[in-house]
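Participant: Can you keep this structure in mind? I'll have questions shortly.
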Amino acid sequence: MSKTLSAIRGMNDLLPEQTVVWRHFESVIRNLLDSHGYQEVRMPVVEKTELFKRSIGEVTDIVEKEMYTFEDRNGESLTLRPEGTAGCVRAALQHGLIHNQTQRLWYAGQMYRYERPQKGRYRQFHQVGVEAFGIADASLDAELILMTANLWKKLGLTPFVRLEINSLGDAEERKLYREKLIAYFEASLELLDEDSKRRLHSNPLRILDSKNPEMQVLIEAAPRLMDHLGEETKAHFEKVCKSLDAAGVEYQVNTRLVRGLDYYNRTVFEWVTDHLGAQGTVCGGGRYDGLVEQLGGKPTCGAGFAMGVERLVALLQDLELLTNLDDNPHAYLMRLGEQAEIHGLALANRLRDAVPGLRLLTDCQGGAFKKQFKRADKSGAQVALVVGEDEISSGQVQLKPLRTTQDQQALDETALIQQLKQLIA
Ligand code: ATP
Ligand code: MG
């Protein structure tokens, strides 16, 4: 026998036990996005490497060390998408979606980052992302945040996540602040770790994001961008805060929140949980008014967020919030004898047509009643439907409850359909 192969490290198979939770999550979020008038887009998983370098920024964890980049057979440098915003902007520009228009879009799918796999951190993972274009007002930032808050409510996660927000100001304000920050860190050069020294001149704001415990005192005392905002950006941030207050969504202003990507300005936010260990950020986003122009479009403001589906599903599972989800069949059809086997498949189809939402599994292995009954029980179905030669000629089906002590009944098709409708209601 030849050796079996296994999946690539950090890339997970999702088996039925997990997909039942995933599908629940996906349907809740799809309904939520629909209800806010956001429309779905689907982009390729592979893009030109340059797209990510230009949008995410050269001096970021993602571009420096996490991308799956390769040359295709023509020698062109391609990359498996590490996030969705860049591709979404690319697609919106390419198809003229944001030419003098506003758009509210969303997407879902696999992302790829070469990271050290651990709980909540994988090399292939999934995000649901939302991007809105052409709306400058702070109401949009607030809408995005409130939408995520609504999602936690629908999933029962509200008590387990908290919101942190910050303003990164506009490009000019950040430039001035950057100088101050560099001067501050330069005065304590010997306290900086290697990563931070490297970033001191290329991306000093990222130093604030450092998780290194030894740097925290230094970071704590650093000048705050929040204190360097102009009137307009300050007012923008205040409107976001007031909108959250009015909607009853709690938040903490975290002046050190900078997010890992270069393209953000003004509002940034993260939803964090303390129930997943170190990988606690389940959703992050913000405004990126410069990105569209940076990627060759006309100046168009934008804002969005992305959430990590693996982390949210893990949270739902760890907290046991979805105990009554199941995708077992409702009914299991047993067919006894050749005639019943031949007519049984057509019967099953008629029942599925007549009872929308019915999950009906047909036993296709055959054999004695006892064997089929065992399989019916194992399937998790609520009831077994039994057809034999007699039932075929009389037009009746035996309905046998598998989880209650109720008696078996012989029903004609119309009565059976009624019973099945009640069963799944
Ligand atoms: P982190 O600080 O955890 O590395 P990030 O800032 O790199 O997160 P984003 O680029 O903002 O993450 O992506 C949005 C969300 O996608 C994250 O909040 C997280 O929930 C999820 N995510 C990011 N990287 C991974 C990964 N390697 N595996 C699983 N989920 C991830
Ligand atoms: Mg990361």
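Participant: Just one of 208, 140, 144 is in the same structural domain as residue 60 (by TED's automatic domain parsing), of a type outside the set (S, T, N, Q) and under 22 Å from residue 272 (Cβ atoms); which is it?
Facilitator: Result: 144 is the single residue among 208, 140, 144 that is in the same structural domain as residue 60 (by TED's automatic domain parsing), of a type outside the set (S, T, N, Q) and under 22 Å from residue 272 (Cβ atoms).
Participant: So, one more: Looking for something surrounded by 15 or more Cβ atoms within 10 Å (Cβ to Cβ), aromatic (Phe, Trp, Tyr), touching a residue at least 40 places away in the same chain (Cβ under 8 Å) and part of a helix (DSSP H, G or I) - is there at least one such residue anywhere in the stretch 33-42?
Facilitator: no
Participant: Going through the stretch 1-32 one residue at a time, which ones are loosely packed, with under 15 Cβ neighbours inside 10 Å and among the acidic types (Asp, Glu)?
Facilitator: 13, 17, listed by residue number.
Participant: Sticking with this structure for a sec: Quick check on this structure: which one of 243, 202 is of a type in the set (Ser, Thr, Tyr) and outside the structural domain of residue 85 (by TED's automatic domain parsing)?
Facilitator: Result: 202 is the single residue among 243, 202 that is of a type in the set (Ser, Thr, Tyr) and outside the structural domain of residue 85 (by TED's automatic domain parsing).
Participant: State the number of residues belonging to the stretch 32-48 that are farther than 30 Å from residue 75 by Cβ and among the charged types (D, E, K, R).
Facilitator: Residues meeting the conditions: 2.
Participant: Inspect the stretch 94-111 for any residue being over 22 Å from residue 236 (Cβ atoms), within 14 Å of ligand 2 (Cβ to nearest atom), part of a helix (DSSP H, G or I) and of a type outside the set (A, V, I, L, M) and give the result as yes or no.
Facilitator: no
Participant: Can you name the residue in the stretch 103-143 that is open to solvent by 30 Å² or more (accessible area, probe 1.4 Å) and among the small types (Gly, Ala, Ser) and, of all such residues, is nearest to residue 30 (Cα to Cα)?
Facilitator: Filtering the stretch 103-143 for residues that are open to solvent by 30 Å² or more (accessible area, probe 1.4 Å) and among the small types (Gly, Ala, Ser), the one nearest to residue 30 (Cα to Cα) comes out as 108.
Participant: Checking the structure you have, find out if any residue of the stretch 108-121 is of a type in the set (Ser, Thr, Tyr), touching a Gly at 6+ places or on another chain (Cβ under 9 Å) and within 14 Å of ligand 1 (Cβ to nearest atom).
Facilitator: yes
Participant: While we're on this one: Among the residues of the stretch 34-52, are any closer than 21 Å to residue 310 by Cβ and at pLDDT below 95?
Facilitator: Within the stretch 34-52, not a single residue is closer than 21 Å to residue 310 by Cβ and at pLDDT below 95.
Participant: Restricting the stretch 43-63 to residues that are without any contact (Cβ under 8 Å) to a residue 40 or more places away in the chain and either surrounded by 16 or more Cβ atoms within 10 Å (Cβ to Cβ) or among the basic types (Lys, Arg) (or both), which is farthest from ligand 2 (Cβ to nearest atom)?
Facilitator: Here the answer is 48.
Participant: When both residues are 6+ apart or on different chains and their Cβ atoms are under 8 Å apart, which pairs have a first residue that lies in the stretch 187-201 and is closer than 16 Å to residue 221 by Cβ, and a second that is among the small types (Gly, Ala, Ser)?
Facilitator: Final answer for the pair search is 196/210.
Participant: From the residues in the stretch 159-204 that are polar (S, T, N, Q) and either modelled with pLDDT of 95 or more or under 19 Å from residue 263 (Cα atoms) (or both), which one is surrounded by the most Cβ atoms within 10 Å (Cβ to Cβ)?
Facilitator: The selected residue is 167.
Participant: Among the residues of the stretch 115-128, are any within 16 Å of ligand 2 (Cβ to nearest atom), in contact with a Phe, Trp or Tyr (Cβ under 7 Å, 6 or more places away or on another chain) and not hydrophobic (A, V, I, L, M, F, W, C)?
Facilitator: Yes - at least one qualifying residue is present in the stretch 115-128.
Participant: Still on this structure, I have one more. Considering only residues of the stretch 70-93 that are away from ligand 1 (no atom under 16 Å from the Cβ) and part of a strand (DSSP E or B), which is nearest to the chain's Cα centre (by Cα)?
Facilitator: 78
Participant: For residue 98, which of the numbered conditions (1) open to solvent by 10 Å² or more (accessible area, probe 1.4 Å); (2) in contact with a strand residue (DSSP E or B) (Cβ under 8 Å, 6 or more places away or on another chain); (3) without any contact (Cβ under 8 Å) to a residue 60 or more places away in the chain fails to hold?
Facilitator: (3)
The values are calculated or read from the model by the stated rules, or taken from the named source; none is laboratory data. Worth saying up front: this structure is predicted, and the values here are computed from it rather than measured. As a convention, Cβ positions derive from the backbone with ideal geometry for all residues, glycine included, and neighbour counts pool all protein chains shown. Note: areas computed on protein heavy atoms with side chains; ligands, DNA, RNA excluded. Shrake-Rupley method; radii C 1.70, N 1.55, O 1.52, S 1.80 Å.
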